[in-house]
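Worksheet: the structure to be examined is printed underneath.
The values are calculated or read from the model by the stated rules, or taken from the named source; none is laboratory data. Everything numeric in this text was worked out from a predicted model, so none of it was measured. Neighbour counts are summed over all protein chains in view; Cβ atoms, including those assigned to glycine, are modelled from backbone coordinates with ideal geometry.
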């Protein structure tokens, strides 16, 4: 698919000397759902505002549909934006809010009504046109904000933390609805969020930012299963990280020496086949088995330790283990019907944490900074 958004070596610095975006390049394909993810101050919102035209870069270019729009004002770009606070006019009805952009753009009055009706039907709010924003729930106001953005039929929809103002239950519901809306319309979505779950659930591709740069980008599965730095491993979910050094990388698996003994890794062999020297080993807590009572590890990596704490999370329990090497290790166990191997250990119990080479990934030690 052709790229509809191209950000080329963009640099943005604010008056206080803060570098918000530092030589960033990004390409978004037509119809793709891309999420800019990261903590406050990482540059993700500035990136969105640069694409929208609300900010101008000191260096670099921004292209939309192959056209250079770096110096173009927001109203001339084929994009529309949904803001975190929705920015609805409180003195206008739902219909008037959605119609506002068309009116100021000079769209003939005869065309405005049908266009607004189409937009409201798209977000399933066609019966709410006469109501005012204060009469609506948070989820309904969010849908009206979407309808207002969609009514001008943009090629790209920009979303700035669109679910942040909703409570937890409604946010879960709206994640799914927004994803379905994207799939149904086939528009290009570029969304900013600090919520890793939002990014993983909704996006085709996640772009994780840090200090004005892209730390890593890829599909939700790739970025979760194969983090390329400590920052990525810790920001996207929980991770067990261990220092080690490559002993043998010549076969189908990489052998790594760690404080807990030698480990085998194949989860990132294709990506890091040429790695030598010091590395960081990464294992996700839910990929770990807990072995007790002399259970055989088979072909899995296994490291001994002592159970320090058990933390219940409803359908799962997180077990904190102190490895014999002195390193902390997390194990997430699903609470299922009891079997011979699914009993929970007591605090102080001697156990072994075990994980397959396929679930053992690694990255260069220098990427841990």
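Determine which single condition residue 363 fails, assuming it passes every other condition in (1) part of a strand (DSSP E or B); (2) touching a helix residue (DSSP H, G or I) at 6+ places or on another chain (Cβ under 9 Å); (3) modelled with pLDDT of 90 or more.
The failed condition is (3).
Can you spot a residue in the stretch 58-68 that is in contact with a helix residue (DSSP H, G or I) (Cβ under 7 Å, 6 or more places away or on another chain) and at pLDDT below 95? Show your work before the answer.
So in the stretch 58-68, the residues in contact with a helix residue (DSSP H, G or I) (Cβ under 7 Å, 6 or more places away or on another chain) come out as 62.
Still in the list and also at pLDDT below 95: none.
Scanning the stretch 58-68, I find no residue that is in contact with a helix residue (DSSP H, G or I) (Cβ under 7 Å, 6 or more places away or on another chain) and at pLDDT below 95, so the answer is no.
Within the stretch 62-99, work out how many residues are more than 25 Å from the chain's Cα centre (by Cα) and part of a strand (DSSP E or B).
Of the residues in that region, 2 qualify.
Quick test for you: out of 246, 232, pick the one residue that is assigned by TED's automatic domain parsing to the domain that holds residue 279 and crowded, with 18+ Cβ neighbours inside 10 Å. So that I can check it myself, show each step before the final result.
Values: 232 fails: assigned by TED's automatic domain parsing to the domain that holds residue 279.
Just one listed residue meets the conditions, 246.
Residue 129 - would you say it is in a helix (DSSP H, G or I) and either more than 23 Å from residue 203 (Cα to Cα) or more than 25 Å from the chain's Cα centre (by Cα) (or both)? Talk me through it step by step, then tell me what you get.
Numbers: in a helix (DSSP H, G or I): no; either more than 23 Å from residue 203 (Cα to Cα) or more than 25 Å from the chain's Cα centre (by Cα) (or both): yes.
Considered against the rule, which asks whether it is in a helix (DSSP H, G or I) and either more than 23 Å from residue 203 (Cα to Cα) or more than 25 Å from the chain's Cα centre (by Cα) (or both), residue 129 comes out as no.
Residue 138: surrounded by fewer than 20 Cβ atoms within 10 Å (Cβ to Cβ) and either touching a residue at least 60 places away in the same chain (Cβ under 8 Å) or touching a strand residue (DSSP E or B) at 6+ places or on another chain (Cβ under 6 Å) (or both), yes or no? Break it down into steps so the answer makes sense when it comes.
Numbers: surrounded by fewer than 20 Cβ atoms within 10 Å (Cβ to Cβ): yes; either touching a residue at least 60 places away in the same chain (Cβ under 8 Å) or touching a strand residue (DSSP E or B) at 6+ places or on another chain (Cβ under 6 Å) (or both): no.
For residue 138, the condition - surrounded by fewer than 20 Cβ atoms within 10 Å (Cβ to Cβ) and either touching a residue at least 60 places away in the same chain (Cβ under 8 Å) or touching a strand residue (DSSP E or B) at 6+ places or on another chain (Cβ under 6 Å) (or both) - is not met.
Of the residues that make up the stretch 79-94, is at least one farther than 25 Å from residue 170 by Cβ and assigned by TED's automatic domain parsing to the domain that holds residue 219? Write out each step before concluding.
First, the residues of the stretch 79-94 that are farther than 25 Å from residue 170 by Cβ: 79, 91.
Then drop every residue that is not assigned by TED's automatic domain parsing to the domain that holds residue 219, which leaves 79, 91.
Yes: the stretch 79-94 contains one or more residues that are farther than 25 Å from residue 170 by Cβ and assigned by TED's automatic domain parsing to the domain that holds residue 219.
Taking the options 45, 35, name whichever one is assigned to a helix (DSSP H, G or I) and in the same structural domain as residue 203 (by TED's automatic domain parsing).
On the way: 35 fails: assigned to a helix (DSSP H, G or I).
Answer to the check: 45.
In the stretch 145-198, what count of residues is obtained for those that are surrounded by fewer than 19 Cβ atoms within 10 Å (Cβ to Cβ) and in a loop (DSSP other than H, G, I, E, B)?
Total meeting the criteria: 11.
Answer yes or no as to whether residue 290 is at pLDDT below 95, over 21 Å from residue 242 (Cβ atoms) and surrounded by 13 or more Cβ atoms within 10 Å (Cβ to Cβ). Step through it out loud before you land on a result.
On the way: at pLDDT below 95: yes; over 21 Å from residue 242 (Cβ atoms): no; surrounded by 13 or more Cβ atoms within 10 Å (Cβ to Cβ): yes.
No, not satisfied.
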